[in-house]
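Here is the structure we will look at.
What follows draws every value from the coordinates through simple rules; no lab data is involved. None of these values were measured; they are calculated from a predicted model. Here Cβ is always computed from backbone atoms with ideal geometry, including for glycine, and neighbour counts include all displayed protein chains.
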């Protein structure tokens, strides 16, 4: 390495250098200022401070939703609302923000959790909800009720269930399955050529059936007062064994670029029966017209319980919101008072069920065809795990099933291990 | 005056030069006062950052690990070693360590062999060395996210149209759902990291190879050992030992901290969940248990330090010690 | 005598040349095949970026679309979220890299060249920090950043990363080997520590600093763990990696647009990389990893 010998100083050079130093210093100062201002624009106060509210949404898959919510926010006169449309992992980003205490005032949430409620991150919305509590079904209130208080306003109900193409079943001479075992068998028989019988997720159904099978086996996930984990029963073991058999027989579509939440694979004819949420109904109907029907998850073994898994988005208010009253008022205006917007939001883009029974009955798009079938099934068999089914328990159970399905592990041992982990988590939550 | 470099520093011609040189700091060169100020001005930014963003967080996190902290950054209830016990007995944690071991067993030797092999290959090219080196080096500029995208959706997609499945198809093999079947997901995970890393280690090895004195090779030629395995084994490999040791340590540390490609390719799969992804899920994922996460972070850090120390003890890291050995060897060989 | 001696040599040499040529052919073939494999992913990206949507769901592999559709690039360039993420990435990479180098060079120089009792203990502290694997500190750092309210801001993205013990270590090594004569000459000219640093040391450190700059820039541009921990919600400090990654869990997405975005995200870092690659290779070689 050669070194320059440019250290001999002349008065001119030194003068130039001192000017350069000044500029460098100015540049450094400017950089620091930029950094500081960039930070405060994005972070800090979210909607710019004085009187503004920041409203968070996750990235809905359907077109037009973002526009609709931004329009509503623009038209809301009582406060200035900025919509934060969040990509990727919404739950963890939301929780990070709530923890740091600023920049989120009103937000949607499909995983209201007891720890956050008890440590005071959510605003108590019991007073907003009490007058209208009886307008919601029990299933709709379960996700938002913790310790007797209500922490959120239900926005949309998302039923998830099984969808199939009747023509394919007819062509193969298969009756619509009435038990889970029949369902798995149908999947095996419908596999041929480019088509697989079942598309229940790239993980072989571990995620979607982790809650469904315990429910339709009659065991449930937790007992009524959420102190015991109840999913480890022989019937549940049998259900997972049937799932494993179908996977081993090659009846499942796996390795699709998008997961089951995207109807593209089903629409391309890659699977005859699919797990899907109601949001995808328009896309499926557009592709197949009358040739798409829905069914609840049928019972396992001797059970008589079917299930439609329900997830729900709920509007909440951050306890640390800059203007708590304004935030609560806005949430109420949008999700309690504005019935028209709720209807439009529910069926204008994807398909969801408005959680208030009256509003749902009033929505014309849900009054016939497959949509009505789904609404009725949801009313009869809708199930949601509730806030005390912590994600850690869900992970333990899903992990167990992934091992059962793709690594051929023994269902009984895996389930026992999952139960132990889940119980441990539940116990630590209770205290 | 200025030409006498052995003159003691205090006898300078400072008074004359001070007026000439505008902007020069008026100070006694080597004087204690000037150096103290300069030292602290130079060091303070780093020091402040070190304290604020390394010391304080680690102390806080360590403290938090003894408390219950779910969904909140502040300690709520003292639980002693409870978090540690829960973390260590969690089957998912031990599985993640198992994942790391399996992963390291694949990635470390394979990367080492491939990079060394490619380095030797490139080094032996009479022309266009720089071009080939650049091509191999190019993927190092790509991110793991981009790599994961291409690997998951383009190369190893489970559909028949994926590159890997098309390749298999020419041999009549059925398409494989790579990311959903064991053990094929390892092929995806290892190959993406190979693509992204190998170029860097090739450069390291090339530098090491080019340091080997030609004299050794010429001496070997005279002894009848020409290019080939024997030359590699008796001359090249021993000379490369310090580079190999350094690369081994880097590879192990990188394997332990694997995160990006795992989170993007196989986020929900327990069989391919390395320690960091597990920690991320516990602390910042759905569970948001900061007390438990803090305990975990400490445990993982301790583990990594132990592994690093063990590795350097076994494989010897000191370049100086090897240099001495080599110099002695050179001398004895030259004498022959 | 001489005829007898020289006669066999041409044959032997010819054979050796033939072997060498054969060996070279083999070498070039091998390294070319490997190079093609290494370039394959780039080809896949370009091909997918210009494929129409129907091709992507096709059952068979398409070598090159019959009607390449280049509109995916313009689509992506019109997407404000993508543009913002690129700007964020650029800001982050530039400020982070520049800041890291300046702070570490100053600290490294001080520890190597400015006599002070605190130099040794400080350096030991730096070594200790080096032992701590960077990735496991994401949780403690998150605690600090969240409590400062810096989540989802560029400040939170950049500031914790400005203090690189690794760079300080390397700079100190470098400055220990820096020729003292230059500094002493400057000292005799009447410069103090600041002057010597600014006018003598810095100009002669540029090559080494360039190597670290390339590494730093690439690392900052491609960073994933910390950006996804700290930023990504709403209008916050989404970087281009977080943006790309979000499509892997999205419900549906625009394939060709995604790959066009991925290609565009490579442009800045490849540019920096190709331009400064030379320094990086030299720098890597000179950190002494080779052993001498």
Residue-averaged beta-carbon neighbours from other chains (10 angstrom radius) around A:80-87: 4
Rel. contact order, % - alpha carbon contacts under 8 angstrom, at least six apart, region B:84-335: 26
Radius of gyration and Dmax over the Cα atoms of the protein assembly as shown, both given in Å: 32.5, 120
Rounded FRET efficiency, nearest 0.05, which uses the C-beta distance separating residue B:59 from residue C:74 and R0 of 60 Å: 0.70
Ranked B:103, B:280, criterion: other C-beta atoms within 10 Å, fewest first: B:103, B:280
Residue C:36 paired with residue C:176, simple spin-label distance in nm, labels 7 Å along Cα-to-beta-carbon: 4.8
R0 of 56 Å, Cβ-Cβ distance residue C:17-residue C:206: FRET efficiency to nearest 0.05: 0.80
Ranking of C:111, A:252, C:45, B:112 by count of other Cβ atoms within 10 Å, fewest first: B:112, C:45, C:111, A:252
Helix A:369-381 axis, angle to chain A major axis (alpha carbon atoms, nearest 10°): 90
Of A:176, A:374, A:128, the one that fluctuates the most in a GNM where chain A has Cα springs shorter than 10 Å: A:176
Degrees separating the helix A:65-75 axis from the principal Cα axis of chain A, which is the longest one: 60
Prolate/oblate/rounded call for region B:187-267, Cα gyration tensor, a/c under 1.5 rounded: prolate
Spin-label pair residue A:323/residue B:101, simplified geometry with 7 Å Cα→Cβ offset, distance in nm: 6.0
Degrees, to the nearest 10: A:411-430 long Cα axis against longest axis of chain A: 50
Per-pair calculated FRET efficiency, R0 = 22 Å: residue A:373 and residue A:167 via Cβ, rounded to 0.05: 0.85
Region C:71-289, relative contact order in percent, only Cα pairs under 8 angstrom and at least six apart counted: 35
Extension gain, residue C:62 back to residue C:43 (0.36 nm per residue minus Cα-Cα distance, nm): 5.6 nm
Mean separation of Cα contacts under 8 Å, 6 or more apart, over the residue count of chain A: relative contact order %: 23
For C:255, B:144, order by how many other beta-carbon atoms lie within 10 Å, fewest first: C:255, B:144
Tensor-based shape of region B:84-335 (alpha-carbon gyration tensor, a/c under 1.5 rounded, otherwise prolate or oblate): oblate
DSSP bridge pairs, chain A: antiparallel proportion in percent, nearest 5: 65
Chain C shape via C-alpha gyration tensor axes, a/c threshold 1.5: oblate
